[in-house]
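See below for the structure under consideration.
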Amino acid sequence: GAAMPGVSVKCADVETAAMLTEAGVGERAPYFHRSWIKLPETISDDDLHHRITSSYRLIRAGLPARLRRSLPEITER
C-alpha cells in the first residue's frame, strides 16, 4: 500500500508467522489475523514469489471446491 509499503501474505499458521517475524523477514500485518505477515518492499524477488505463491495456495485450499475450481493452480517457476 501507499501508506505502508509492502505486501501482506498468509502463513501456514501463527507459529510460522511469529518465526518469520522474529527472524526479521517481515512484521505482523496490521488489521489481519496473526497468521499474516507484512513483507517489506525490499524483499528479494525470489523470496517474494515464494511467499506470495505459498499464500495463494493456502487461501485457495481453504475455499469451497466450487470456488477453488474456478481459480488457477500456481506452479513453481
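The values are calculated or read from the model by the stated rules, or taken from the named source; none is laboratory data. Please read all numbers here as calculations on a predicted model, not as lab measurements. Using ideal geometry, Cβ is built from the backbone for each residue, glycine included, and neighbour counts are taken over all protein chains shown. With ligands, DNA and RNA removed, areas are computed over all heavy atoms of the protein, side chains included. Shrake-Rupley method; radii C 1.70, N 1.55, O 1.52, S 1.80 Å.
Details
- Hey, E41 under 15 Å from the mean Cα position of the chain (by Cα) and not hydrophobic (A, V, I, L, M, F, W, C) or not: yes
- Pairs where the first residue, in the stretch 33-57, is closer than 15 Å to V14 by Cα and open to solvent by 80 Å² or more (accessible area, probe 1.4 Å) and the second is of a type in the set (G, A, S) and modelled with pLDDT of 95 or more, C-beta under 8 Å, 6+ apart: R34/A17; R34/A18
- Criterion (modelled with pLDDT of 95 or more and among the charged types (D, E, K, R)) met by exactly one of R34, R69: R34
- Residue selected from the stretch 58-77 under the condition of a type outside the set (A, V, I, L, M) and under 14 Å from C11 (Cα atoms), by the criterion surrounded by the most Cβ atoms within 10 Å (Cβ to Cβ): R60
- Of all residues in the stretch 1-32, those satisfying the criterion of being free of Cβ contacts under 8 Å to residues at least 12 places away in the same chain and either open to solvent by less than 80 Å² (accessible area, probe 1.4 Å) or touching an Asp or Glu at 6+ places or on another chain (Cβ under 6 Å) (or both) are G1, A23, G24.
- Taking (1) at negative phi; (2) in contact with a Gly (Cβ under 9 Å, 6 or more places away or on another chain) in turn, G6 satisfies each apart from (1).
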